[in-house]
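Novice: Dropping the structure in here first, questions after.
Only the coordinates and a few stated rules stand behind these numbers; no lab work does. These numbers were taken from a predicted model, which means no experiment stands behind them. Ideal geometry is used to build each Cβ from the backbone, glycine not excepted, and the neighbour counts take in all protein chains shown.
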Amino acid sequence: MRKKILLLAAAAMLRWAPLMAAQPLATDDTGTQGIGHIQVELGMERSRITTDNGGNTIRQTGWQPSATLTYGLTDRIDLITGLPWISQKIEAGGTTVSKEHGIGDLALQLKWRFVEMEDGRFSLAVRPGITLPSGDENRSFGNGMVSGGVRLIATHNGRLGAVHLNLGYTRDQYRLEAVRIASRNDIWHASIAGELNVADGLRAVADTGVETNRQKGDGTHPAYLLGGLIYSPSDRLDLDIGFRNGLNNAEQGSSLLAGITMHF
């Protein structure tokens, strides 16, 4: 029973890979840093996921600090790397089953803005990437194998704000046989986000999306809704806060997000 609980929790943890979007959004935009410029994102996510395993309530809570570094290779191409730190506690029926912490899988990505139209108001970008097995898969902190995917990104900028659309595909590989048997390899993702210019330096943001359920045999695909604020006291600094909540039984968790983004 304990092993089954840990495997169910592991399937939920695999959603926590860094997405490399502007904090606190999960949906990325087409913006790049410009040649030689650097962006550093430091974030914190407080998550809570509750599932039912045959009448036994499993509650998973965790803290996930993350660091993402973006470097402008050209004016339209960025190199992105991110590494999360995961601290989680799993309880079943009110009893602590597991309490672990450690690093997750390292993400390496490129973002290329290959189309720019309407004086920069509309643009398209593609973001291929891989995750490397730096996390301990036996403690549900990673896949244990190299995985990869690609995301198509569209952005439209207007006077009042911006809209972003993402369509993505990920091919997940799993080292542990039990996780491999229980999990899907082909994951599709779709999401849309909006930004509204509320005041000078202040943006209200909203984000919603859906992706393939990673658990085989479950046809309900996780969907989420996220809302937050981004405050930019200067061109070099962004402060953000957000709240994310599941919209169906496959995405039952809720998260509080906060972060800081620095531009150099």
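Novice: Using 1/(1 + (r/R0)^6) with R0 = 41 angstrom and r between the beta carbons of ILE192 and ARG139, what's the FRET efficiency to the nearest 0.05?
Specialist: 0.75
Novice: With N set to the number of residues, divide the alpha-carbon radius of gyration of region 54-103 by 2.2 N^0.38 Å and report two decimals.
Specialist: Against the compact-globule rule of thumb, the ratio is 1.83.
Novice: Turning to a different aspect of this structure: Over the chain, what portion of Cα pair distances is larger than 23 Å, expressed as a whole percent?
Specialist: Percentage above 23 Å: 52.
Novice: How would you order 183-192, 76-85 from highest to lowest mean count of nearby Cβ atoms within 10 Å?
Specialist: Taking the mean over residues of other Cβ atoms within 10 Å, the ranking is 76-85, 183-192.
Novice: Compute log10 of I(q)/I(0) for region 150-264 with the Debye formula, placing one identical point scatterer on every Cα and leaving out solvent, at q = 0.11, 0.19 Å⁻¹, to two decimals.
Specialist: -0.48, -1.09
Novice: By how many degrees, between 0 and 90 and to the nearest 10, does the Cα long axis of helix 2-13 differ from the longest principal axis of the chain?
Specialist: 10
Novice: Need one number: nm distance between label points at SER98 and GLU177, each 7 Å from Cα along Cα→Cβ, rounded to one decimal.
Specialist: Rounded to a tenth, the inter-label distance reads 1.9 nm.
Novice: With unit charges on the beta carbons (Lys and Arg positive, Asp and Glu negative) and the dipole taken about the Cα centre of region 2-263, which residue among HIS221, HIS156, GLY120 sits farthest to the positive side?
Specialist: HIS221
Novice: Could you give the length gained on full extension between GLU116 and ILE35, defined as 0.36 nm per residue of separation minus the Cα-Cα distance, in nm?
Specialist: Gain in length upon complete extension: 27.5 nm.
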